[in-house]
1. For segment 191-204, give me each residue that is surrounded by fewer than 21 Cβ atoms within 10 Å (Cβ to Cβ) and part of a strand (DSSP E or B).
2. Right, Y169: touching a strand residue (DSSP E or B) at 6+ places or on another chain (Cβ under 8 Å), aromatic (F, W, Y) and buried (at least 20 other Cβ atoms within 10 Å of the Cβ) or not?
3. Out of (1) surrounded by 14 or more Cβ atoms within 10 Å (Cβ to Cβ); (2) not in a strand (DSSP E or B), what's the single condition that is false for K91?
4. Any idea which of A180, A167 is among the hydrophobic types (A, V, I, L, M, F, W, C), out of contact with any Phe, Trp or Tyr (no Cβ under 9 Å at 6 or more places or on another chain) and not in a strand (DSSP E or B)?
5. Just to be sure, is S165 touching a Gly at 6+ places or on another chain (Cβ under 6 Å), within 30 Å of L227 (Cα to Cα) and among the polar types (S, T, N, Q)?
6. Among the residues of segment 58-88 satisfying the criterion of being of a type in the set (D, E, K, R) and either more than 11 Å from the chain's Cα centre (by Cα) or not in a strand (DSSP E or B) (or both), which is surrounded by the fewest Cβ atoms within 10 Å (Cβ to Cβ)?
7. Among the numbered conditions (1) in contact with a strand residue (DSSP E or B) (Cβ under 9 Å, 6 or more places away or on another chain); (2) surrounded by fewer than 18 Cβ atoms within 10 Å (Cβ to Cβ), tell me where H177 comes up short.
8. So N68 clears everything in (1) over 30 Å from L239 (Cα atoms); (2) among the polar types (S, T, N, Q); (3) out of contact with any Pro (no Cβ under 8 Å at 6 or more places or on another chain) except one condition, right? Which one?
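The values are calculated or read from the model by the stated rules, or taken from the named source; none is laboratory data. None of these values were measured; they are calculated from a predicted model. Neighbour counts are summed over all protein chains in view; Cβ atoms, including those assigned to glycine, are modelled from backbone coordinates with ideal geometry.
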Amino acid sequence: METGTAPAKTANARRTLIVVLALIAAGLGGPRAFALDPMGPPVAGLEQGQFKFGVDFSYSEMDLELDNGQWVEFLDGVWFDAGEATSFDLKDFEAARTFVNFGYGFVDNVEGFIRVGGTKSEFGDSLWEDSEEFESGSNLVVGAGLKATFFEQDGLKLGGIIQGSYAEYQGELDAPHWAAADFVEVNLTQVQLALGASYTWAETFSIYGGPFLHFVSGDLYDNVTELLVDEFGAPLPNLLASEYTWEIDEDSVFGAYLGAQLEIGENCAVNVEYQKTAAADAFGAGIMWRF
């Protein structure tokens, strides 16, 4: 009886994962997703001395809270004026990230990993609300983390994860009716801390999830250079350079997530997950090989 049950459970698990993948693909076209890196199961998945190699992908769309703004102006290279910039929310900051993931099992219940990859971002009509659009080039993103298993019995594991990442986004902010483009740089540091569980059945399929905390900090810089014009719109021989700076703070720090992982070979697994905070949602996916 057990011999027939295991293959049936495995087939059902694979069908479940396909459905989850389809839902996530549909969700990527939705209106909101938060800039959260994929976490995977919140427990260690490597034995002592074991390595892993993987690829992780995430798509995000978030609102950034910009505070403590400052601006300074230079007229023809000479200091002209300065002051405080208004605080506001930068809407719909979109970012796509692809990581290469390297992991190592320090002991049977603790593993560490590092991530290196590329990222691009864009947003529009939010910084100056003048139909402008921002698009960065390809930029470097790096990250690292630790996972630990605290309890294990049968197919149930309880554990935790802490991970962080840093990325810079640089590009032009432009609008068709602007005489000159702005140049924007966004620096983002993120930290996630999660406690949760992973439950495995049929030896190949597991579900995982739990609550987590998410912290975001960084800075946004906007540099604008323009020629002054007179009251009739004629250009003047004067160059005005304006530099704006804001601090980035997280909008929400508490959330929860749910995911599924399927073993597709002796040492290969794929996973997908959904993360939610009070402000937004996020989707991630990955594949890894153990050796």
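1. Step one: filter segment 191-204 for residues surrounded by fewer than 21 Cβ atoms within 10 Å (Cβ to Cβ), giving 191, 193, 195, 197, 199-204.
Of everything in segment 191-204, those that are surrounded by fewer than 21 Cβ atoms within 10 Å (Cβ to Cβ) and part of a strand (DSSP E or B) turn out to be V191, L193, L195, A197, Y199, T200, W201.
2. Details: touching a strand residue (DSSP E or B) at 6+ places or on another chain (Cβ under 8 Å): yes; aromatic (F, W, Y): yes; buried (at least 20 other Cβ atoms within 10 Å of the Cβ): yes.
In short, yes.
3. (2)
4. Numbers: A167 fails: not in a strand (DSSP E or B).
Of the residues listed, the single one that is among the hydrophobic types (A, V, I, L, M, F, W, C), out of contact with any Phe, Trp or Tyr (no Cβ under 9 Å at 6 or more places or on another chain) and not in a strand (DSSP E or B) is A180.
5. On the way: touching a Gly at 6+ places or on another chain (Cβ under 6 Å): yes; within 30 Å of L227 (Cα to Cα): no; among the polar types (S, T, N, Q): yes.
Criteria not met by S165.
6. Filtering segment 58-88 down to residues of a type in the set (D, E, K, R) leaves 61, 63, 65, 67, 73, 76, 81, 84.
After this cut, where a residue has to be either more than 11 Å from the chain's Cα centre (by Cα) or not in a strand (DSSP E or B) (or both) as well, the list is 63, 65, 67, 73, 76, 81, 84.
Details: D63: 19, E65: 18, D67: 12, E73: 16, D76: 11, D81: 11, E84: 9.
Checking each candidate, the answer is E84.
7. (1)
8. Checking N68 against (1) over 30 Å from L239 (Cα atoms); (2) among the polar types (S, T, N, Q); (3) out of contact with any Pro (no Cβ under 8 Å at 6 or more places or on another chain), the one that fails is (1).
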